[in-house]
1. For region 80-128, which whole percent of the accessible surface, found with a 1.4 angstrom probe, sits on carbon and sulfur atoms?
2. With a cap of 11 neighbouring Cβ atoms within 10 Å, and only residues DSSP puts in a loop, list the GluC sites (Glu not before Pro) found in region 250-309.
3. Amide H neighbours of SER253 under 5 Å, at least 5 residues apart or on other chains, H built in the peptide plane: list them.
4. Using 1/(1 + (r/R0)^6) with R0 = 22 angstrom and r between the beta carbons of ALA24 and GLU81, what's the FRET efficiency to the nearest 0.05?
5. Please give the length that would be gained between THR16 and ASP186 if that part of the chain were fully extended, namely 0.36 nm times their separation in residues minus their C-alpha to C-alpha distance (nm, one decimal).
6. Using only alpha carbon pairs under 8 Å that are at least six residues apart, calculate the relative contact order of region 145-235 and give it in whole percent.
7. Assuming R0 = 41 Å, what is the FRET efficiency of THR255 and ASP202, from their Cβ-Cβ distance, to the nearest 0.05?
8. 5 Å is the cut-off here: which amide hydrogens, built 1.01 Å from N in the peptide plane, fall below it relative to MET216, excluding neighbours closer than 5 in sequence?
Amino acid sequence: MSPRSVNTIARTLIQTVVRQKLNAIKSDPERSLRNLVDMGLSFAAGSEQKRFLQQAQQALQDENSAYYRIIYDMALHVDTEHLMGFGMNLGYNSLTAGARTIRRLEGEHGYDIPWCLTLVIDRKGYAAHEADYASLIEQGKRLGIYTYLLIAPELPVGLFTLLRQQKDCAFLLFTSPDELTGDIIDSMAQLYHVMPVVRFGDGAEEVCDAMRRREMLYSVFLPYHPEESENISGDGDVLDIEQFHSPLTIFMSYTAPEKDKSSPFYLRIIAARDDLHVQTIPVELWEDLRFIDGVISPLPSHSIAFNAGCFLIRPDGAVDDSISFAATPLEDILSASH
C-alpha cells in the first residue's frame, strides 16, 4: 500500500473521531475536551507534541479555564465543516503528514524546509502572476508545506479560484475590514479550509459579527512595530474580546524576530497563554511560526516570505529582487537560503 493511501486512511479515521468529539463538546465540553486531548496524546509521536498536549491536559484540569469557554463557543457558533476543513488541513495535512515529509526531505538534502510560506498579495501582482502562485503552492505541497499565510490588504480578483483549487491546504487570509464586504464574506463562507484574519480597527467589529452570523471560523490581527510592544497588552486586553468572539488574537510585528532570541513581548505572550483569563488566545505570529518550525525540524529555521512582486523578503524585511518564485523553483530558493 502506498504512503499516500495510508495517509488517506489515517486522515479519514482521525476525521471521523474528531467530528464525533466536536459534536460531543456541545453537550459536555469539559469531558469531551479532556477526552480529545487524551486521544491526541496517545497518538503523539514527537517529544514536543507530547509536551504540548501534556500542558493542555494540565490547563484543562481547571474547569473555569478560559480555554473551555473559547472552544465551547467555537463548537456552538462555528460550523463543524469549517472546524474540520481548516483544522484537519492544519493539524493533519500540515503538522502531521506534511511534517513527516519535511523531516524526510531535510534529512536527504540537508537544508531547512519551512512548515508554512508567507505570501504578500495585491491586485496588480496577483493578476500578473496567477499561474506562478498556483505553481508555488503545488511545489510547496511536494515538499510537505500545506499551510500558507496570505497577507492581502486588498483582495485580488481570482484569488478565491486559487483557494478552491487547493482544498488540501490551510490558508490564513490576513486582510482589512474594508475588503470583507457582504458578498466576499458569503463567498468565503464556502471555503472551509480558509480562515480570514481581520485587521483590528474601524469596521472590524461589524465584519466579525457578520462572519459569526454565518458560523465562520475567523480571527483578528494587530500589526505593530517592535519598539511599540511595551505599550501592547500581551493578554488580549488591547481588544474588546467579548465583541469580537475571536479565538485567536494575532500580533504581527513588521519585522521578523532575531534568530535564536525571543523578545520580551513574546515572553509576555507565553505567560498570558499559560494563565489565560480572557476569551482569546494571544499569538505572536513570527515567533510562534519559528517555534513550530523548531518542533517539526531540528535544523535551524528561517522564515520564507515573498512580496507582492514574487520576490523573496529577507528576515530583516529587505527585499531580494534577485530571487523570485516566478523565475526560480522553490527547492532552489530554499537550498540557496541554507
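1. 56
2. Those that pass, being in a loop and sparsely packed, are GLU258.
3. Placed amide hydrogens put TYR224, LEU285, TRP286 under 5 Å from SER253.
4. Once the sixth-power term is evaluated, E becomes 0.85.
5. Stretched out fully, the THR16 to ASP186 stretch lengthens by 58.5 nm.
6. Averaging sequence separation for qualifying contacts and normalising by length gives 25 percent for region 145-235.
7. It comes to 0.95.
8. For MET216, whose amide H was placed from the backbone, the distant partners under 5 Å are ASP79.
The values are calculated or read from the model by the stated rules, or taken from the named source; none is laboratory data. Just so it is clear, the model here is predicted, and its values are computed rather than measured. Quick reminder, even Gly has a Cβ in these numbers, built from the backbone with ideal geometry, and neighbours come from all protein chains shown. In case anyone asks, the SASA skips ligands and DNA or RNA and just uses the protein heavy atoms, side chains included. Shrake-Rupley method; radii C 1.70, N 1.55, O 1.52, S 1.80 Å.
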